[in-house]
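Q: The structure's right below; bear with me while I get my questions together.
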Amino acid sequence: QVQLVESGGGLVQAGGSLRLSCAASGRTFSSDTMGWFRQAPGKEREFVAAIRWSGVITYLDSVKGRFTISRDNAKNMAYLQMNSLKPEDTAVYYCAQMSTIGGLPIRPTDYTYWGQGTQVTVSS
């Protein structure tokens with residue numbers, strides 16, 4: 001049984017930082033694309049960042065230069081370092097794991113497994 005567990009969310013002031021972690025279990029991790037998505041109230045789930053097994057990284061334009069995605073295959077962990085946070089970054093953040101080859105990292109429907117989400121709130 002595949003399980004993804006996010007942690008590290010919280011309340012932070014604008015300009016602050018948070019580091020989200022995603023612990024994966026139940027499936028070989030190193031060969032899968034890992035992604036981070038977010039969903040704000042009343043909005044659709046939005047792609048934030050993804051890292052392929054090869055290390056190729058993709059970011060949402062609005063987070064480039066502020067967020068950094070990484071992975072530690074030895075620990076089955078994925079991370080999202082978020083700096084210079086803005087109120088518009090407020091959302092529930094989800095970790096996702098793509099088990100199929102050739103999926104599009106920015107497309108949520110291409111991911112097979114999802115975590116339960118962690119709330120990030122940025123105050124102005």
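Q: Considering region 25-36 alone, what residues qualify as being farther than 14 Å from ILE51 by Cα and either assigned to a strand (DSSP E or B) or free of Cβ contacts under 8 Å to residues at least 12 places away in the same chain (or both)? Give the derivation first.
A: Taking region 25-36 as the starting set, the residues that turn out to be farther than 14 Å from ILE51 by Cα are 25-28.
Scanning region 25-36 gives SER25, THR28.
Q: In region 74-87, which residue that is within 13 Å of MET34 (Cβ to Cβ) and either of a type in the set (S, T, N, Q) or outside any strand (DSSP E or B) (or both) is most open to solvent (accessible area, probe 1.4 Å)?
A: Of the residues in region 74-87, the ones within 13 Å of MET34 (Cβ to Cβ) are 75-80.
So of that shortlist, the ones also either of a type in the set (S, T, N, Q) or outside any strand (DSSP E or B) (or both) come out as 75-76.
Working: LYS75: 137, ASN76: 45 Å².
Across region 74-87, the extreme among qualifying residues is LYS75.
Q: Please give the number of the condition ALA14 fails out of (1) closer than 18 Å to TYR94 by Cα; (2) in contact (Cβ under 8 Å) with a residue 60 or more places away in the chain; (3) in contact with a strand residue (DSSP E or B) (Cβ under 7 Å, 6 or more places away or on another chain).
A: Exception for ALA14: condition (1).
Q: Could you run through region 88-116 and say how many residues are open to solvent by less than 20 Å² (accessible area, probe 1.4 Å) and either over 12 Å from the mean Cα position of the chain (by Cα) or within 19 Å of ARG71 (Cβ to Cβ) (or both)?
A: First, the residues of region 88-116 that are open to solvent by less than 20 Å² (accessible area, probe 1.4 Å): 89, 91, 93, 95-98, 103, 105, 111, 115.
Next, only the ones that are either over 12 Å from the mean Cα position of the chain (by Cα) or within 19 Å of ARG71 (Cβ to Cβ) (or both) stay: 89, 93, 95-98, 103, 105, 111, 115.
Residues meeting the conditions: 10.
Q: If we scan region 51-61, do we find a residue that is in a loop (DSSP other than H, G, I, E, B) and under 13 Å from the mean Cα position of the chain (by Cα)? Break it down into steps so the answer makes sense when it comes.
A: Going through region 51-61, the residues in a loop (DSSP other than H, G, I, E, B) turn out to be 52-56, 60.
Remaining after also requiring under 13 Å from the mean Cα position of the chain (by Cα): 52, 60.
Yes, that holds for at least one residue.
Q: Taking the residues in region 1-24 that are among the hydrophobic types (A, V, I, L, M, F, W, C), over 15 Å from the mean Cα position of the chain (by Cα) and in a strand (DSSP E or B) as candidates, determine which candidate is surrounded by the fewest Cβ atoms within 10 Å (Cβ to Cβ).
A: We begin by selecting, within region 1-24, every residue among the hydrophobic types (A, V, I, L, M, F, W, C); these are 2, 4-5, 11-12, 14, 18, 20, 22-24.
If we keep only those that are over 15 Å from the mean Cα position of the chain (by Cα) too, we end up with 2, 11-12, 14.
In the following step, the residues that additionally are in a strand (DSSP E or B) were identified as 11-12.
Details: LEU11: 12, VAL12: 17.
Residue satisfying both the conditions and the ranking: LEU11.
Q: How do the pairs read when you match residues in region 99-116 that are more than 19 Å from SER54 (Cα to Cα) with residues anywhere that are in a loop (DSSP other than H, G, I, E, B) and among the β-branched types (Val, Ile, Thr), using Cβ under 6 Å and keeping only pairs 6 or more apart or on different chains?
A: The qualifying pairs are TYR113/VAL2.
Q: Hey, among ARG52, ARG66, ARG27, ARG71, which residue is surrounded by 15 or more Cβ atoms within 10 Å (Cβ to Cβ) and within 24 Å of PRO87 (Cβ to Cβ)? Break it down stepwise before answering.
A: Numbers: ARG52 fails: within 24 Å of PRO87 (Cβ to Cβ); ARG27 fails: within 24 Å of PRO87 (Cβ to Cβ); ARG71 fails: within 24 Å of PRO87 (Cβ to Cβ).
Criteria check complete, one pass: ARG66.
Q: Here is a follow-up. Checking the condition over 21 Å from VAL122 (Cα atoms) and in contact with a strand residue (DSSP E or B) (Cβ under 6 Å, 6 or more places away or on another chain), which residue from ILE51, ILE101, ILE69 passes? Even if it seems obvious, please write down each step before you answer.
A: Details: ILE101 fails: in contact with a strand residue (DSSP E or B) (Cβ under 6 Å, 6 or more places away or on another chain); ILE69 fails: over 21 Å from VAL122 (Cα atoms).
None of the other options fit; the residue is ILE51.
The values are calculated or read from the model by the stated rules, or taken from the named source; none is laboratory data. Given the structure is predicted, the values throughout are model-derived calculations rather than measurements. Here the Cβ is made from the backbone with ideal geometry for all residues, glycine too, and neighbour counts use every protein chain on show. Heavy atoms of the whole protein, side chains included, go into the accessibility calculation; ligands, DNA and RNA do not. Shrake-Rupley method; radii C 1.70, N 1.55, O 1.52, S 1.80 Å.
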